[in-house]
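Student: Below you will find the structure I want to go over with you.
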Amino acid sequence: MSRHVWSDPAGFVRDPQSAAEVLRVLDLPRLDTYHEAVARASGLDLSALHRLSRNTLVAMTGDDHLRTRRVIAPFFSRAGLAPWRDAVEQASHAAAETLATAPKPDLVRDFSAPLFLRTMPAILGLDLPQDAAHFDAVETVQRLTEPYLSVPALRALDSAVRQLLPTCPPPGSDADGNEEGPQSLLAYLRMRQADLPAWLEPEYFVLGILAGSNSATQSLSFALHGLLTGPAEDWAAAAAPGWAGTAPQRLLGLYQSTRTLVRVASEPATAGGCPYAAGQTAVVDIVDANSCLRARSGNPAAHMTFGSGPHKCPGAFLSEQVFETAIPVLARRFPDLTLEPERCRFVLTPMMQAPTALPCTPRQVSQRRSARLCDIRDMPSAKRILRDDAVFAPPPMERHLALLADKSGRDFGTAIRIARNAMFFMEGPRHTALRAALARDFDAAMLARWMPRIDAAIARALDALAQAAKPDLVTGFSDPLRPEAVRAVLGIHIEDPERFEALAPGLQEVLEPWLSLRDLTRVQGCFADALSLMRDPVPGDGPRPLLTSLLADPPEGFTPDDLRAVVLVLYGASFNLSHTLANIALWLLSRPAEERRQASDPAWMDAHLEALIARGSGPKYIYRQVRADLRLGDLDLKAGDTARLVVHGLNRACPAGAGHVSFGKGLHRCVGARLSREIIRKAIPALFTRFPGLAPVGQAQRYHPMSQTVALSALPCALTS
Ligand code: HEM
Ligand code: HEM
């Protein structure tokens, strides 16, 4: 077996029938012989690892394997596990409590891991202390099946085995069945030792099963990620009676931690219609095989997540039991739980994928965060704030900057000009005049005139994407679309476009209220440089851009320089279009293949546009300053407080996106909303029509570290599959 078994994804076995045959006919790679060879070559003492490895089911073959599987089959059957159901339920409630009281709640650390520690060791018969160190040791031992581990990794594995071994109670102790409660696997094996191969050591065997059982924890976390990034209705359904019917199977088929399984031909063989020479490897792609199974059978819950053939997972029923029990417990206790998608982290190897961090907000309750800041998460309060401009004003940025300039003695002239012309911070007659001018010039008719050019920009972006060696929907689609489409509409003509675009991301920072002095100086420099590169549009044969219209008929109180600043701020704000478009693309890519294909249909897109924008909003917050003491819901607000509306938390309560706040509401609602809706409405179906097999590359997306925005920096994809 070579290290490059995964280097040719085109050769992976995807057809479910062929996959099942490969898994049945060919053999598992002999990792124990690799470990032995490393131990010999390096002189390391890997004896604990070696003993564990030879006692695992994956290393067993022939009769020994069959005998052992027969012995454990009744224990892991649905009926055999029934006595453990209450324990799993209680552990789920206890884990939910851990999440509820965690200072920085994370579904992996504060739910899945505690659930694992409370259930698996008890079922298997181990006295495992419920702490992070022992959980880490289990995760280390789980790496046992990874091929070609480095020497330090093998050494860590060996010491993790030594750390876990003492958690096996000696024969004859309480855990062997004298205690109340269902019998554990270890006790059961000791009872049936005569039926097992004579050389088998139950303690090491059980440790191997414990390591394997962590797949259930990983798949549970992955399924929670899938459910919580999906439609809110799916989470509500998990709390409703009857959910445990087919829904867990559906999740197991979509969010399994296994990506590929490897087999090797010990001797020449034929499997799935393909001949294999001795030593040749086969890689089974479980993700694609599952999607193919669903498509062919028409059964959305069909899957082969647990493998097939003699080594098929013995933990399938146990995993189902965990899913059936734990997910409804969580969904009932936290009906409006939200994830922070940009802070979720995954481990991704060719063999597996699983979340390592799922930071979340368990409850959407408006609350005070500090002496001056309140988070608003309930819609009635949010609506009141957005509509009552007398009490909830935009951050008084201009005044703040003037005071800062006074105090620091620095020149914030440019920053003040920008703040004066950034609509987010404006109020009163100048704001009204500018909004009226934009309503006049930035309307549906103007957009209709630009649409052919926007369509052409979308087509060019797709052409470029098709040519990309490593296609990426951020760098190759949502990012390039913005300058192409938006700059022309706004009338931003640039002398040095490359330099301008290098500066442009900095323009977004103007939206961050209360920047530090240093950041302010930097943002001001960025705006000054960008302004210096801008040239007024010259009349051409195309539609009239916004800046031309504004300069020709300026709103009251705006000089030509003000208007150039207005338009540059608009361009900074338009980054939200790229971010939202990319977030929507990721969301669609994360859906099952059969659902994601619907996005090529413009009618489907029209029907789902608002739900997608609600879900994909780039901006995380909308800010207002409170001008009078008042009580809002359960909150006492004081004059001078900042109210921070949490966009994603609020949108979670908007079925099908109805009434979402992605574009804000009221006097300051987004002026780019119409343009953004139109571009998203066109770009997404165009993308999925051009690449019908568009698929994600594992969980390989990356985010910019931006505190105010959910902004993808990379979204690698495969254009065909
Ligand atoms: C959703 C969670 C799980 C998934 C996705 C999963 C997946 C798999 C797959 C695909 C295999 C076959 C490997 C191959 O053929 O190369 C397997 C084998 C295995 N699984 Fe699981 N598993 C899960 C949960 C569990 C649990 C809870 C346990 C322990 C109770 C467990 C213990 C094992 C063992 C011991 C094997 C090796 C079986 C053999 O070689 O005969 N797994 N698992
Ligand atoms: C999908 C993409 C977009 C999203 C999610 C978005 C989001 C928002 C939100 C939430 C607000 C309200 C802020 C508040 O009330 O304080 C807003 C305002 C605004 N947006 Fe957008 N925006 C997007 C695209 C654009 C584009 C393309 C432009 C420019 C062409 C733009 C320009 C503006 C401006 C100037 C305001 C301030 C309006 C005012 O205060 O009167 N936005 N946007």
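The values are calculated or read from the model by the stated rules, or taken from the named source; none is laboratory data. Everything quoted here is computed from the prediction, not taken from an experiment. Every residue, glycine among them, receives a Cβ derived from its backbone with ideal geometry; neighbour counts consider all protein chains shown. All accessible areas refer to the heavy atoms of the entire protein, side chains included, with ligands and DNA or RNA removed. Shrake-Rupley method; radii C 1.70, N 1.55, O 1.52, S 1.80 Å.
Student: Going by average Cβ density within 10 Å per residue, which order do the peptides 621-631, 521-531, 69-79 take, highest to lowest?
Tutor: Sorting 621-631, 521-531, 69-79 by mean packing, highest first, produces 521-531, 621-631, 69-79.
Student: From the helices alone, meaning DSSP H stretches of at least four residues, give me the mean residue ellipticity at 222 nm for the chain, per-run term -39500 (n - 2.57), in deg cm²/dmol to the nearest 500.
Tutor: -16000 deg cm²/dmol
Student: May I ask you to give the solvent-accessible area per residue for the chain, in square angstrom, as obtained with a 1.4 angstrom probe?
Tutor: Solvent-accessible surface per residue comes out at 42 Å².
Student: Share of the stretch 9-361's accessible area from carbon and sulfur, percent, 1.4 Å?
Tutor: That share works out to 55 percent.
Student: Same structure, new question: Mind listing the phi-derived Karplus ³J(HN,Hα) values for the stretch 544-561, rounded to whole Hz, using 6.51, -1.76 and 1.60 with θ = phi - 60°, and x for any glycine or proline?
Tutor: Each residue's phi maps through the Karplus curve to give 6, x, 4, 4, 4, 4, 5, 5, 6, 9, x, x, 4, x, 10, 7, x, 5 Hz.
Student: Could you calculate the FRET efficiency of residue 191 with residue 466 from 1/(1 + (r/R0)^6), where r is the beta carbon distance between them and R0 is 56 Å, rounded to 0.05?
Tutor: My answer for the efficiency is 0.35.
Student: Mind giving me the nanometre distance, one decimal, between the label points for residue 77 and residue 332, set 7 Å out from Cα along Cα→Cβ?
Tutor: Taking the two extended label points, one gets 2.9 nm.
Student: Right, another one. Compute the signed sum of charges (Lys and Arg +1, Asp and Glu -1) over the other residues within less than 9 Å, Cβ to Cβ, of residue 666.
Tutor: Computed value for this residue: +2.
Student: Checking the a/c ratio against 1.5 first, then a/b against b/c, what shape does the Cα gyration tensor give for the stretch 532-577?
Tutor: It is oblate, given that a/c is not under 1.5 and a/b is not larger than b/c.
Student: Follow-up. So if each residue of separation counts as 0.36 nm, and I subtract the Cα-Cα distance between residue 453 and residue 407, what length gain in nm does that give?
Tutor: Roughly 11.7 nm would be gained on extension.
Student: Straight distance only, please: which lysines reach the Cα of residue 383 with their own Cα at less than 19 Å, same-chain residues fewer than 8 apart left out?
Tutor: 620, 638, 665
Student: How about the stretch 199-277: which chymotrypsin sites (Phe, Trp or Tyr not before Pro) there are in a DSSP loop, with at most 15 other Cβ atoms within 10 Å of their Cβ?
Tutor: Sites meeting the loop and neighbour criteria: 199.
Student: Okay, moving on. Can you classify the chain as rounded, prolate or oblate using the Cα gyration tensor, where a ≥ b ≥ c are the square roots of its eigenvalues, rounded means a/c under 1.5, and otherwise it's prolate if a/b beats b/c and oblate if not?
Tutor: Prolate, because a/c is 1.5 or more and a/b exceeds b/c.
Student: Near the amide H of residue 621, under 5 Å away, which other amide H atoms are found, from residues 5 or more places off or on another chain, if H is placed in the peptide plane?
Tutor: Placed amide hydrogens put 647 under 5 Å from residue 621.
Student: List the trypsin sites (Lys or Arg not before Pro) in the stretch 405-442 that DSSP assigns to loop (not H, G, I, E or B) and whose Cβ has at most 15 other Cβ atoms within 10 Å. Which are they?
Tutor: Filter output for the stretch 405-442: 410.
Student: Of all the accessible heavy-atom surface of the stretch 366-468, with the other protein chains kept in place and a 1.4 Å probe, what percent is carbon and sulfur?
Tutor: 55
Student: Here's something else I'd like to know. I need the trypsin sites (Lys or Arg not before Pro) found in the stretch 276-377, filtered to DSSP loop residues with at most 13 other beta carbons within 10 Å of theirs.
Tutor: Those satisfying the criteria are 369, 372.
Student: Once you have the Cα-Cα distance between residue 66 and residue 704, take 0.36 nm times their residue separation minus that, and quote the gain in nm to one decimal.
Tutor: Separation in residues times 0.36 nm, less the Cα-Cα distance, equals 224.6 nm.
Student: Between beta-carbons, use under 13 Å as the cut-off and find the net charge around residue 247, counting Lys and Arg +1, Asp and Glu -1.
Tutor: Spelling it out: positives minus negatives among the neighbours equals -3.
Student: Could you work out the relative contact order of the chain? I mean the mean sequence separation of Cα pairs under 8 Å and 6+ apart, divided by the number of residues, in percent.
Tutor: The value is 14 percent.
Student: A further question follows. Hey, with R₀ at 56 Å, roughly what FRET efficiency would residue 518 and residue 37 work out to, going by the Cβ-Cβ distance, to 0.05?
Tutor: Here the calculated transfer efficiency is 0.50.
Student: Using a 1.4 Å probe over the heavy atoms of the protein chains, calculate the carbon and sulfur portion of the accessible area of the stretch 520-639 as a whole percent.
Tutor: Here it works out to 53 percent.
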